[in-house]
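Please read the structure below before turning to the comments.
The values are calculated or read from the model by the stated rules, or taken from the named source; none is laboratory data. Treat the numbers as computed from the prediction; the structure is a model and nothing was measured. Counting neighbours? That spans all protein chains shown, and the Cβs are built from the backbone with ideal geometry, glycine included. To get the accessible areas, we keep the full protein, side chains included, count just its heavy atoms, and leave off ligands, DNA and RNA. Shrake-Rupley method; radii C 1.70, N 1.55, O 1.52, S 1.80 Å.
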Amino acid sequence: WQAIEKPTFTDITYHQAEGIAKITINRPHVRNAFRPETVRGMMAAFRHAHLDKDIGVIILTGAGELAFCSGGDQKVRGDSGYRDESGEEGLDVLELQRQIRTLPKPVVAMIAGYAIGGGHVLHLCCDLAIAADNARFGQTGPRVGSFDAGLGVGLLARMVGLRRAKEIWFLCRQYDARQAYEMGLVNTVVAVEDLEAETVAWCRDMLKLSPTALRCMKASFNADTDGVAGLQELAGNTTGLFYMTEEGQEGRNAYVEKRAPDFSSFPRRP
Ligand code: 1HA
């Protein structure tokens, strides 16, 4: 797999090849902890991959083999949030979580080393997770004076069940890749040297499938949990498909041509 680098972002790298985009958190000196600039870069990169018609699947990973992501950078955490280089405090990571969840292409977390704290929540937001045998998982919020009571709780509880989810948040222990697999936190575990090849193989399999079907499936998994916002996402897809029909286009054509619409040739299907 020979990916081409697109060097436009700070704190992250962006590669693409064969319909796959790879977004890499590139702060290995802090175990790929994110700061506001990192989150902004990730959001721009995900947006880019979302809009790029050549991209069908997105990989999220961390640089090096020691960490996927260790969450918010505690060294730039001020008294009311995480500071960027201008001194402003604010981190869009909750928006990033929603973006990963709702963008209409599968996102695969490729995890070597630590997925900890807010980094653990990021992998929960991805659609699939492939772990290296050196991966370690856990939440630390209650230890470092933080918590992600939103998707970090809801998705975790759905994945591993309430008892396990409470254990993970209430005890702040770490779990190895095998335990994570047994809990249903990750899809598979492979040797660290095989991690990228295995992840790309999963991506290639998805790229052979119908993009519209995958898109609607992803929206449907969200609709199950996201109430009206989830229905909006799923319904947006049906509107998009309806626009592509002659029936939908007749409504637009009639309006533009200033005439009454004629839907008589379109059957009322059983
Ligand atoms: O909960 C939230 C949020 C909730 C709501 C809304 C927004 C949120 C945004 C963020 C978060 C959070 O992410 S809170 C949780 C923050 N993260 C942590 O508590 C993890 C802290 N790190 C560790 O526990 C460990 O470093 C590690 C298990 C990931 C790795 O351990 P290891 O391999 O023994 O390495 P270590 O020596 O600890 O770390 C290597 C270097 O990386 C150290 O640098 P040094 O001090 O030697 O210069 C270490 O300080 C740095 N580092 C690691 N993680 C972070 C970090 N520096 C800043 N922030 C980090 N998260």
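General observations
- Residues of region 125-148 with an amide N closer than 14 Å to a point placed 7 Å from the Cα of R173 along the Cα-to-Cβ direction: 137-139.
- Remark: the chain carries 53 Å² of accessible area per residue (probe radius 1.4 Å; ligands, DNA and RNA excluded).
- Distance between the 7 Å Cα→Cβ label points at L51 and A191: 4.2 nm.
- Surface share of carbon and sulfur [accessible, 1.4 angstrom probe, percent] for the chain: 53 percent
- Distant-in-sequence amide H partners of A109 (H built 1.01 Å from N, under 5 Å): L60, D127, L128, A129, I130
- Treating r as the C-beta distance of T10 and R163 and R0 as 45 Å, the FRET efficiency rounds to 0.65.
- A simple count of charges around T61, restricted to other residues whose Cβ falls under 12 Å of its Cβ and scoring Lys, Arg +1 and Asp, Glu -1, yields -1.
- Per residue, the average separation of C-alpha pairs within less than 8 Å and at least 6 apart gives the chain a relative contact order of 14 percent.
- Rounded to the nearest Hz, the phi-derived 3J(HN,Hα) couplings of region 69-85 under the Karplus curve 6.51 cos²θ - 1.76 cosθ + 1.60 (θ = phi - 60°) are 6, 9, x, x, 6, 5, 7, 10, 7, x, 7, 10, x, 8, 8, 9, 5, where x marks glycine and proline.
- Cross-linked pairs K22/K166; K22/K75; K75/K166; K53/K218: Cα-Cα separations exceed 29 Å for K22/K166.
- Rounded FRET efficiency, nearest 0.05, which uses the C-beta distance separating L66 from L231 and R0 of 41 Å: 0.50
- Calculated FRET efficiency for the pair H29/E95, C-beta based, R₀ 35 Å, to 0.05: 0.85
- Gain in span if fully extended, E18 to R204, counting 0.36 nm per residue against the direct Cα distance: 66.1 nm
- Each listed q (0.13, 0.28, 0.32 Å⁻¹) maps to a log10 I(q)/I(0) for region 105-152 from the Debye sum over equal C-alpha point scatterers, namely -0.30, -1.02, -1.16.
- Using just its DSSP H runs of length 4 or more, each adding -39500 (n - 2.57), the chain gives a mean residue ellipticity at 222 nm of -13500 deg cm²/dmol after division by all residues.
- Whole-Å distance, taken between Cα centres, linking region 39-98 and region 137-193: 20 Å
- Take the Cα of F266, go 7 Å toward its beta carbon, and the backbone nitrogen atoms of region 216-238 under 18 Å from that spot belong to 235-238.
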